[in-house]
Amino acid sequence: MMGWMAGGMVFWWFAAAAVVVLLVVGASVAVAGRRDDEVGSAHDVLAERFARGEIDEEEYRRRTAVLRDDPE
């Protein structure tokens with residue numbers, strides 16, 4: 001009887017470890033995805049400001065280069 005209970009406990013420890021790993025991986029993917037969205041959003045806002053005439057082409061190109069980390 002004790003052998004079966006010990007085996008059951010091992011199963012639950014492995015299950016708990018798997019849940020923790022899945023949570024960590026899920027959180028990492030969510031954070032990485034959020035960073036990509038933020039960069040995309042910055043480009044979108046910049047394009048909208050250019051389209052509305054709030055900034056000129058030179059300013060648009062300069063700021064786009066900064067967002068790409070590729071200053072002219």
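Give ALA17, ALA30, ALA65 a once-over and let me know the one that is open to solvent by less than 90 Å² (accessible area, probe 1.4 Å) and at pLDDT below 85.
Selected residue: ALA30, the only one of ALA17, ALA30, ALA65 that is open to solvent by less than 90 Å² (accessible area, probe 1.4 Å) and at pLDDT below 85.
Looking for whichever is at pLDDT 90 or above and not in a helix (DSSP H, G or I) here; the options are GLU59, GLU48, GLU54. Which one fits?
GLU54
Determine whether GLY3 is surrounded by 10 or more Cβ atoms within 10 Å (Cβ to Cβ), modelled with pLDDT under 90 and either among the hydroxyl-bearing types (Ser, Thr, Tyr) or in a helix (DSSP H, G or I) (or both).
no
The values are calculated or read from the model by the stated rules, or taken from the named source; none is laboratory data. Note that the coordinates shown come from a computational prediction; the quantities given were computed from them, not determined experimentally. Ideal geometry is used to build each Cβ from the backbone, glycine not excepted, and the neighbour counts take in all protein chains shown. In case anyone asks, the SASA skips ligands and DNA or RNA and just uses the protein heavy atoms, side chains included. Shrake-Rupley method; radii C 1.70, N 1.55, O 1.52, S 1.80 Å.
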